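Comments concern the structure below.
Quick note: the coordinates plus some simple rules give every number you see, no bench work behind them. Predicted model, so just to flag it, every value in this text is computed and none were measured. Every residue, glycine as well, gets a Cβ built from its backbone with ideal geometry; the counts of neighbours run over all protein chains shown.
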Amino acid sequence: MSLTDTQLRNLKPASAPKSIADERGLSILVQPNGSKWWRFRYRFDGKQKLLALGVYPDVSLKQAREKRDEARRLLAEGIDPSEHRKIIKTMDKSREADSFEAVAREWFAKQSPTWTERHAHRTIRRLEIDVFPWLGATKLSEVTAKDLLAVLRRIEARGALETAHMVQQICGRVCRYGIATLRCERDLAADLRGALPPVKVSHMASITDPREIARLLQAIDGYQGSLVTRCALRLAPLLFVRPGELRSMEWSEIDLDKAEWRIPSSKMKMREQHIISLAHQAMAILREIHPLTGSGKFVFPSVRSPLRCMSENTVLAALRRLGYTKEEMTGHGFRSMASTLLNEQGWNRDAIERQLAHAERDAVRAAYNYAEHLPERRRMMQAWADYLDQLAGRNVVVMNPAARG
């Protein structure tokens, strides 16, 4: 006799499990705790078997009968429904492991240990925000160029063209990793080369006119903010490192006897150790701030916690307080300032590039070049500091920039 929905709703548990038959092998097992489990009994190769079909009422009577009928169709074709389910689960797991998100996260896990924390965070967040919601569950080999283009167009539509290009590059790396691990055959990002309009290159604002540099240095000398920020501002033009490298400077990286700052490779954009010779002027600034922050980790700690370095906006905000807009000067602009003027003064271009820690095309050479041109770079850094003092009108003895020994 067939079951009805009313009967199912009214089934009461007993002290022991009890099975109530429906029809054609379908039954429902009522547990003492009140749960109701659908079962399908069948024979295959002469053996009695049982297939679970879900829990009532999550699986309704109608749905349970449909699942039973599907199992009976498999039996008619000589297929064991239980074995068929195992195969499907295995395929689903394999598909999940080969999804765009799974492959992307596997690629990220292998590559990110060699990246800076900021770059790693930015990369995975771009994937999580802009890619995974639309492509994450799709098998990587089944993602099409059209699918990826739709993702990129969505980013472009909100006015984030530079982000769209970055996401395209990231997806290209994921695809190439997928090719290397035999989970896809094409680099979809390469197929879309030229699909996005180019990003208009905007160089970091910088001051390179010596007269304007003089006014900037004089403004910095007159800065009335905290000592930590003032010292960071004064060091920025002397060292012309990347803003992130300056604010994360640690006392353990500085050799006051050798007048050197050795930045570990883990902090550098190009992932190689970088040496900065500290001119007399830089050493004087460090000695000034040492009594205040020297007992801690960072030379320029955060105002909120000494366990963290100063905010990335601190120097930028200080420049704004001095009256310099983002179109006039940025923290990064000190690098352009030094590069332009040092080249004009006739210093060795290779020494300048090494001091700026720019990329080295030759990977083998890059592994050994952190100290390349170091004697000349020492002379150059002192001459540069003397030149800035001269521009600012400070009462110092100035080395001739051209006197390179």
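Data for the structure
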read-out: Of [x] 0.95; [y] 1.56; [z] 1.02, the label for Cα Rg over 2.2 N^0.38 Å derived from the coordinates; value: [y]
read-out: Cross-link pairs beyond the 22 Å C-alpha cut-off, checked among 267/326; 49/86; 36/62; 47/86; 62/86; 110/146; value: 267/326; 62/86; 110/146
read-out: For segment 11-95: relative contact order, % (alpha-carbon pairs under 8 angstrom, 6 or more apart); value: 17
read-out: Under 20 Å from residue 297, Cα to Cα: aspartates and glutamates that are on another chain or at least 8 residues apart; value: 117, 245, 250, 253, 255, 257, 260, 288, 312
read-out: Förster radius 25 Å - calculated FRET efficiency between residue 106 and residue 312 (Cβ-Cβ, nearest 0.05); value: 0.25
read-out: Relative contact order (%) - criterion: Cα under 8 Å, at least six apart; region: segment 105-176; value: 28
read-out: Integer Hz, Karplus 6.51/-1.76/1.60 couplings in order for segment 76-83, x for Gly and Pro; value: 5, 8, x, 10, 6, x, 5, 5
read-out: Total charge dipole magnitude, segment 28-80, about the Cα centre, Cβ charges on Lys, Arg, Asp, Glu only, Debye to nearest 20; value: 200
read-out: ³J(HN,Hα), Karplus 6.51/-1.76/1.60, whole Hz, each residue of segment 168-173, x for Gly, Pro; value: 4, 5, 4, 4, x, 5
read-out: Helix-only mean residue ellipticity at 222 nm for the chain, each DSSP H run of n ≥ 4 adding -39500 (n - 2.57), per residue, nearest 500; value: -15000 deg cm²/dmol
read-out: Degrees between helix 210-221 axis and first principal axis of the chain (Cα, 0 to 90, nearest 10); value: 80
read-out: Karplus-derived 3J(HN,Hα), 6.51/-1.76/1.60, for each residue of segment 301-311, Hz, glycine and proline x; value: x, 5, 5, 8, 8, x, 7, 10, 7, 4, 5
read-out: Euclidean distance between Cα centres, segment 155-194 to segment 336-360, Å; value: 34
read-out: Given charges at beta-carbon only (K, R positive; D, E negative), |dipole| of the chain in Debye; value: 1540
read-out: Global form of segment 1-46, assessed from the alpha-carbon gyration tensor, a/c cut-off 1.5; value: oblate
read-out: Sorted peptide list for 170-182, 21-33, criterion being average Cβ within 10 angstrom, highest first; value: 170-182, 21-33
read-out: Amide H partners (placed H, <5 Å) of residue 309, local residues excluded; value: 302
read-out: Rounded tilt (10° steps) of 374-392 against the dominant C-alpha axis of the chain; value: 70
read-out: Listed residue (114, 295, 129) projecting farthest to the positive dipole end of the chain, Cβ model; value: 129
read-out: Between 0 and 90°, nearest 10: helix 280-293 axis offset from the chain longest Cα axis; value: 50
read-out: For segment 132-233, size of Cβ-based charge dipole, Lys and Arg +1, Asp and Glu -1, in debye; value: 180
